[in-house]
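**Student:** Let me give you the structure first, and then I'll get to my questions.
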Amino acid sequence: INKDFVPIKVYIDKRPDIRERYNMGGFPSTVFLSTEGRIIAGETYVLPERMKLILEAVKNDYKNKKEQVKKIDFKFGEKPKKLIKSELKEDIINEILLAIEDNFDNFYGGFGLQPKFPAPEVLDLLFMQYQKNRNKKYLDMTLKTLDGMYEGIYDKIDFGFFRYSVTQDWKLPHYEKMLDTSAGLLRTYAVAFNITKEEKYGKIAREIVEYISKFLSDQNGGFYGSQDADEEFYQLNAEERREKKHPYIDKTIYVDWNAMMISSYIKAGTILNDDDVINFARKTSDFILEKCYSLKYGLFHFFDGKTNVNGLLADNIYFLNCLIDVYFVTRNEEYLKKINDIAEFILNNFYDSKNYGFFDKTSQEDDLGILKYKSKQFLENSFCAITFLRLYFLTKNKKYKEAAENTLLYFADSYLNFGYFAAMYAIAVDMLLNEIELYSL
């Protein structure tokens, strides 16, 4: 490898823009690039013996066809499209709900087969529909899923949820614990407690907070990224675990995931009547404003002693959303000023005012290969619509509503391609049509 190639290891959590563009169908991905950053070849995980063959093949291919390789152009990103003449109707919400019902696992709860991931945004939509029309089937689907996940992918000793289940029945966890997974599930279990008043859901929400506080929190403010998977450790009983070192914690502070957890802490703290939880969320938002934000560059992606990587939509939009939550619980005008500043930054740097929708990144000087192409990601755009609608309800500034509505129209011909993953899109459409003010319920 070192003789003929320049090996580069990319941490996909630290560079989601690279993850989106150079993903070979799963992770880890092994990708061979030309010096211009064009893809020559690639696969997911490659075993050592096969790697030797691929290295030789790529080397020979590049040596013999260098000029042809230089002309390879993997198109990625925005494809010109006309905004369809359409209107946003309740039918959209019903179609997405139907896709969710079609993919619901009546036996084990959850959606799809295996591997089975938590889908907190789907549960948000189902809760929202239940509160709107009291259709009990939506509540039943949600609670069956929450109960199934708790029985299968929940750590009943240290608390907290594992990332996903390898099997359909939730019984074989992938043992990594991720901050973004925890944020989504803290919110859904807290909301379940708020709706049903069943103490078991309140208890799980409190335990998630306890896990995050003990393992994934910095006392100065900020949440850590993840705790490693360690199959051997997590199969020990409580007594045996006391003698073993806990799995490694990635203490990187990712801004988009921190923003998700700030919102969830505020939601859970409010429902559980826990001021300490709300105060830590505010402390974390202040930490990020101090360490990871500038008026000129917006939000940076991660902090590990210094700020790194700016110009990603996810960091800016999720932090804007959580700052709205912080403002609601503090009514501090300083937060409102920051909210307006970040909203303007997003509109000026990510919003496509000509064709509509939000690009996932800004152009950077060192971009090469596919990184030169900007893209409009469906899930991120759905969340942009949600956040800008919240902003409109807060400020009554119509340009925020227009940006949200045009973004939803941009995807009005393609949302069905995403099946039940279109739940956030349905939430945004519902908010627009029915002026539902809070995504966080």
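The values are calculated or read from the model by the stated rules, or taken from the named source; none is laboratory data. The model shown is predicted, which means the values in this text are computed figures rather than measured ones. Here the Cβ positions follow ideal geometry from the backbone for every residue, glycine too, while neighbour counts run over all protein chains shown. Protein only, heavy atoms only, side chains kept; ligands, DNA and RNA dropped before computing areas. Shrake-Rupley method; radii C 1.70, N 1.55, O 1.52, S 1.80 Å.
**Student:** Could you list all residues from the stretch 7-33 that are in contact (Cβ under 8 Å) with a residue 40 or more places away in the chain and either part of a loop (DSSP other than H, G, I, E, B) or basic (Lys, Arg) (or both)?
**Tutor:** 13, 14, 15, 21, 22
**Student:** Evaluate the following for residue 195: is it closer than 19 Å to residue 241 by Cβ and either aromatic (Phe, Trp, Tyr) or in a helix (DSSP H, G or I) (or both)?
**Tutor:** no
**Student:** Can you tell me which of 106, 94 is at pLDDT 95 or above, surrounded by fewer than 20 Cβ atoms within 10 Å (Cβ to Cβ) and closer than 12 Å to residue 420 by Cα?
**Tutor:** Details: 106 fails: closer than 12 Å to residue 420 by Cα.
Every option except 94 fails the conditions.
**Student:** So, in the stretch 337-361, of the ones that are without any contact (Cβ under 8 Å) to a residue 12 or more places away in the chain and assigned to a helix (DSSP H, G or I), which residue ends up farthest from residue 263 (Cα to Cα)? Give the derivation first.
**Tutor:** Residues of the stretch 337-361 that are without any contact (Cβ under 8 Å) to a residue 12 or more places away in the chain, as a first pass: 337, 344, 348, 353-354.
Next cut, assigned to a helix (DSSP H, G or I) only: 337, 344, 348.
Numbers: 337: 18, 344: 21, 348: 25 Å.
Applying the filter and picking the extreme gives 348.
**Student:** Pick from 340, 308, 321: which is of a type outside the set (Asp, Glu), under 18 Å from the mean Cα position of the chain (by Cα) and open to solvent by less than 60 Å² (accessible area, probe 1.4 Å)?
**Tutor:** 321
**Student:** Taking only the stretch 110-145 into account, find how many residues are assigned to a loop (DSSP other than H, G, I, E, B), closer than 19 Å to residue 182 by Cβ and not hydrophobic (A, V, I, L, M, F, W, C). Please lay out each step first, then the result.
**Tutor:** Of the stretch 110-145, the ones assigned to a loop (DSSP other than H, G, I, E, B) are 110, 112-115, 117-119, 134-135.
With the extra rule that they be closer than 19 Å to residue 182 by Cβ, the set shrinks to 110, 115, 117-119.
Still in the list and also not hydrophobic (A, V, I, L, M, F, W, C): 110, 115, 118.
Residues in the stretch 110-145 being assigned to a loop (DSSP other than H, G, I, E, B), closer than 19 Å to residue 182 by Cβ and not hydrophobic (A, V, I, L, M, F, W, C): 3 in total.
**Student:** Anything in the stretch 90-106 that is part of a loop (DSSP other than H, G, I, E, B) and free of Cβ contacts under 8 Å to residues at least 60 places away in the same chain? List them, or say none. Give the steps one after another, and end with the answer.
**Tutor:** Filtering the stretch 90-106 for residues part of a loop (DSSP other than H, G, I, E, B) gives 105-106.
Answer for the stretch 90-106, where residues must be part of a loop (DSSP other than H, G, I, E, B) and free of Cβ contacts under 8 Å to residues at least 60 places away in the same chain: just 106.
**Student:** With the requirement that a residue be at pLDDT below 95, acidic (Asp, Glu) and in a helix (DSSP H, G or I), what does the stretch 233-275 give you?
**Tutor:** 239, 240
**Student:** Please work out which one of (1) of a type in the set (Ser, Thr, Tyr); (2) closer than 23 Å to residue 163 by Cβ; (3) under 19 Å from the mean Cα position of the chain (by Cα) is the condition residue 234 fails and give its number.
**Tutor:** So residue 234 meets the others, but not (3).
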